[in-house]
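Asks: Okay, handing you the structure first.
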Amino acid sequence: MSVPTREEAMALLKRYNESESLIRHALAVEGVMRYMARKRGEDEEKWGVIGLVHDLDYERFPDQHCRKSEEILTQEGWPEEYIRAVVSHGWGICSDVEPRTDLEKVLYAVDELTGLVAAAALVRPSRSVMDMKPKSVKKKWKDKRFAAGVDRGIVEKGALMLGVELSELIADTIMGMRDVAEAIGLKGGQG
C-alpha cells in the first residue's frame with residue numbers, strides 16, 4: 001500500500017472496532033490531529049489518518065494494545081512512519097517506542113486529553129464542545145475523581161515534550177474537537 005487514505009483507515013478501524021465510544025474517540029483524536037497539523041503547517045491527511053487508527057487494536061486486543069496494531073498495519077502494508085507513530089502513542093504504558101517527531105508527540109499528548117475534554121463537555125448544560133473554554137477543562141483537571149481514567153501525567157509529559165503550556169494544549173484540543181463535534185456527539189443544541 002502506498003499512503004493510506006482516510007477511507008481505507010476508516011474501513012480498517014471499523015473492521016476491528018464496533019464500539020461506538022471507541023469510534024467516537026478515534027474521530028475525536030483524528031479531528032485534533034488534523035487541527036494540529038494545520039496549525040503547524042504539516043500534512044493534515046497523514047496526521048488525521050494516524051489519529052483515526054491509533055487505537056485500532058484496543059477493542060479486540062486490549063492486553064496487546066499497540067503491539068497488535070503494529071502487526072495489523074504491517075500486514076496491511078502501511079508505511080513504517082505511520083506504524084511507528086501509532087505504536088509510540090502507548091509509550092511507557094504498552095510500548096517502549098518513544099515519541100520523537102512532532103506528529104508522535106502530539107498524538108501522545110492529545111490521546112488522553114480528548115477523553116477529559118469529552119467528559120467535561122458532557123457535564124456542561126449544552127453537552128457541547130462548541131461553547132467550551134479551556135478554563136472549564138482546567139477546573140475539571142484538578143478534580144482527580146473526574147474522568148479518573150484519564151492519565152493526566154501523560155498529558156503533562158506530552159505538553160512538556162511539545163514545549164507548550166497545558167492551557168494551550170487544552171485550547172487546541174477543544175478547537176480540534178469542535179471540527180468533528182457532530183460526529184462525536186458533542187455538538188449539543190448548537191446550530
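Derivation of every value follows stated rules applied to the coordinates shown; laboratory data play no part. Predicted model, so just to flag it, every value in this text is computed and none were measured. Backbone-built Cβ (ideal geometry, glycine too); neighbour counts: all protein chains shown.
Asks: Could you list the residues of the range 158-191 with an amide nitrogen less than 20 Å from a label point located 7 Å from the Cα of residue 126 in the Cα-to-C-beta direction?
Replies: Residues 167-191 fall inside that zone.
Asks: Please give the charge dipole size of the chain, origin at the Cα centre, charges +1 on K and R Cβ atoms and -1 on D and E Cβ atoms. Round to the nearest 20 debye.
Replies: 1120 debye
Asks: Something else about it: What are the ³J(HN,Hα) couplings of the range 152-168, residue after residue, when phi is run through the Karplus curve with 6.51, -1.76, 1.60 and θ = phi - 60°? Round to Hz, x for glycine and proline.
Replies: 5, x, 5, 4, 5, 5, x, 4, 4, 4, 7, x, 10, 6, 4, 4, 5
Asks: Mind scanning 105/139; 39/68; 39/157 and naming the pairs with a C-alpha gap bigger than 26 Å?
Replies: Beyond 26 Å: 39/68.
Asks: Ok, one more. Over what distance in Å are the Cα centres of the range 65-88 and the range 170-184 separated?
Replies: So the two Cα centres are separated by 25 Å.
Asks: Output the 0 to 90 degree angle, nearest 10, between the alpha-carbon long axis of helix 44-53 and the longest principal axis computed from the alpha carbons of the chain.
Replies: 90 degrees
Asks: How about residue 142: which aspartates and glutamates have a C-alpha closer than 17 Å to its C-alpha, ignoring those fewer than 8 places off in the same chain?
Replies: Qualifying aspartates and glutamates at Cα under 17 Å: 112, 151, 156, 165, 168.
Asks: What ³J(HN,Hα) values, in whole Hz, does the Karplus curve 6.51 cos²θ - 1.76 cosθ + 1.60 give for the range 6-19 when θ = phi - 60°, with x put for Gly and Pro?
Replies: 4, 4, 5, 5, 5, 4, 5, 4, 6, 5, 9, 9, 10, 5
Asks: Right, here's the next one. Quote the relative contact order of the chain in percent (integer), defining contacts as alpha-carbon pairs under 8 Å separated by 6+ residues.
Replies: Result for the chain is 24 percent.
Asks: Per-residue HN-Hα couplings for the range 25-31, Karplus 6.51 cos²θ - 1.76 cosθ + 1.60 at θ = phi - 60°, whole Hz, x for Gly and Pro?
Replies: Ordered by residue, 3J(HN,Hα) equals 4, 4, 5, 5, 5, 4, x Hz.
Asks: Below 19 Å, Cα to Cα, which aspartates and glutamates can residue 187 reach? Residues fewer than 8 away in the same chain don't count.
Replies: Within reach: 20, 30, 131, 172, 179.
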